[in-house]
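A.B. asks: Below are the structure tokens for one structure; questions will follow.
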Amino acid sequence: MKRSFIREILEHTDAHTISFAGGLPDVGLFPRQALQVAAQKALCTPEALQYSTSTGYAPLKALIAQQYCDKGFATTADEILITSGSQQGLDIIARYHRGTGMTLESPSYLGALNIFTLNNISTYSVALGEDGIDLEAFKKSINHTALTYLIPDFQNPSGTCYTASHRRDLATVLQDSDTLLIEDAPYSEVYFDQPYPSISQLLPRQSYHLGSFSKVLAPALRIGWIRADSSLLQPLIAYKEAMDLHTSSITQRIVYEYLLDTEGYQTHLATLRTHYQEKMNHFADLLNKYLPNFHYARPKGGMFIYGKLEGIDTMKLVRECIEHGVVFVPGCEFDGAFDEIRFNYTHSTFEEIKRGLKRIALVLSLR
Ligand SMILES: Cc1ncc(COP(=O)(O)O)c(C=O)c1O
């Protein structure tokens, strides 16, 4: 199993390196004051620092279940398992289903691919088109796999967002199969124009829907969850217990206290969406100016711009770029093509984005 390129590369960069590599949120958008107030409230009770129940803090599970209901996806607190980030959610599901076959998108999220390898899951990649995974190839593949792993909202790494009709078509196909869907949705709230209904909503008894507060509040909280029918969720609890007994009591309560101010949370989400859309457009405008041969589509949400520098070996390019103080992730790291690149546009400042892209243009001009 290979290590994460992003984590490895970060060890070879210094404070002056401009990184378009990791999927990091903008630090300026962490709602620090509101979280400070929430933390103070959470700490008023000693239970916040005590061991707690394996499936999660009941009031937080109830709030998350309510968020699903508000979107028309009927959910009870019993159908929520709080996890230490959605990364752990993936790990729990993969351990439970170890050794099976899985259909997934190409390219796909590296952190998930590593989990699947560790759990002897045989993966079958199906190409992603503009509207989502290729439907005909998908139909053939799921005949051989017990699981399907999809990231339909502003996918990592490609930025692709499945259209509403493609979601419906996939749900119909899945309904007629014995395949369970794992829908990984950490970016679902990071939309620019409109939210999209989950596929799981159409398959409530045949899906695991994974959520996270990492991209909208702060990744350091490590609060994610799995939403699934009780019959699917129950067998996972023993795995969760074996891994860490339960997710941090204190951070669960901080998130709960924070979410009680519904209006404050909605205002925060609106600010985040506007700010990220501005950054994405800034990044895209400068890509057009400095890297005119980079072909891509502007994403409708999420954190990444993915595209092609026709004919350029981007692994070689990134090694040269490191010397000039700028990094990105070559597409081959996600099983993408040798000439593809994933850029993260949320982490760097507006000014760093300009400097970073100019540096890449300079490296290309020196070749
Ligand atoms: C598609 C996807 N799934 C899961 C994760 C893990 O997120 P977390 O564990 O912080 O919730 C990430 C993080 O980048 C991701 O991009």
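The values are calculated or read from the model by the stated rules, or taken from the named source; none is laboratory data. The structure presented is a predicted model; accordingly, all values stated were derived computationally and were not measured. Neighbour counts are summed over all protein chains in view; Cβ atoms, including those assigned to glycine, are modelled from backbone coordinates with ideal geometry.
A.B. asks: Just to check your reading of the model, which residue among Leu63, Leu135 is over 20 Å from the mean Cα position of the chain (by Cα) and under 17 Å from Phe213 (Cβ atoms)?
C.D. replies: After ruling out the rest, the residue left standing is Leu63.
A.B. asks: Quick check on segment 158-168. Is at least one of its residues assigned by TED's automatic domain parsing to the domain that holds Leu203, at negative phi and in contact with a helix residue (DSSP H, G or I) (Cβ under 6 Å, 6 or more places away or on another chain)?
C.D. replies: No, segment 158-168 has no match at all.
A.B. asks: Considering only segment 149-168, state which residues are touching an Asp or Glu at 6+ places or on another chain (Cβ under 9 Å) and not in a loop (DSSP other than H, G, I, E, B).
C.D. replies: Scanning segment 149-168 gives Tyr149, Leu150, Ser165, His166.
A.B. asks: Among Gly89, Gly111, Gly56, which is within 16 Å of the ligand (Cβ to nearest atom), in the same structural domain as Thr172 (by TED's automatic domain parsing) and in a loop (DSSP other than H, G, I, E, B)?
C.D. replies: Going through Gly89, Gly111, Gly56 in turn, just one is within 16 Å of the ligand (Cβ to nearest atom), in the same structural domain as Thr172 (by TED's automatic domain parsing) and in a loop (DSSP other than H, G, I, E, B): Gly56.
A.B. asks: Looking at segment 309-358 only, could you name the residues that are closer than 16 Å to Leu286 by Cα and surrounded by fewer than 19 Cβ atoms within 10 Å (Cβ to Cβ)?
C.D. replies: Correct list: Thr349, Phe350, Glu351, Glu352, Lys354, Arg355, Lys358.
A.B. asks: Something else about it: Output the residue which, of all residues in segment 173-195 that are touching a helix residue (DSSP H, G or I) at 6+ places or on another chain (Cβ under 7 Å) and farther than 22 Å from Thr103 by Cα, is nearest to the ligand (Cβ to nearest atom).
C.D. replies: Val190
A.B. asks: Would you confirm whether or not segment 72-86 contains a residue that is surrounded by fewer than 17 Cβ atoms within 10 Å (Cβ to Cβ) and under 21 Å from the mean Cα position of the chain (by Cα)?
C.D. replies: no
A.B. asks: For the structure I just gave you, tell me whether Thr172 is touching a residue at least 60 places away in the same chain (Cβ under 8 Å) and surrounded by fewer than 16 Cβ atoms within 10 Å (Cβ to Cβ).
C.D. replies: Numbers: touching a residue at least 60 places away in the same chain (Cβ under 8 Å): no; surrounded by fewer than 16 Cβ atoms within 10 Å (Cβ to Cβ): yes.
Judged against the criteria, Thr172 is not a match.
A.B. asks: Mind counting the residues in segment 119-157 that are in contact with a helix residue (DSSP H, G or I) (Cβ under 9 Å, 6 or more places away or on another chain) and within 16 Å of the ligand (Cβ to nearest atom)?
C.D. replies: 14
A.B. asks: Consider Leu210 carefully, then state whether it is more than 20 Å from Ala146 (Cβ to Cβ), within 13 Å of the ligand (Cβ to nearest atom) and among the aliphatic types (A, V, I, L, M).
C.D. replies: Criteria not met by Leu210.
A.B. asks: Please work out if Phe192 is among the aromatic types (Phe, Trp, Tyr), touching a residue at least 40 places away in the same chain (Cβ under 8 Å) and on the phi > 0 side of the Ramachandran plot.
C.D. replies: The answer is no for Phe192.
A.B. asks: Let me confirm something: among Phe73, Phe30, Phe20, Phe116, which residue is touching a residue at least 40 places away in the same chain (Cβ under 8 Å) and within 19 Å of Ala185 (Cα to Cα)?
C.D. replies: The unique qualifying residue is Phe73.
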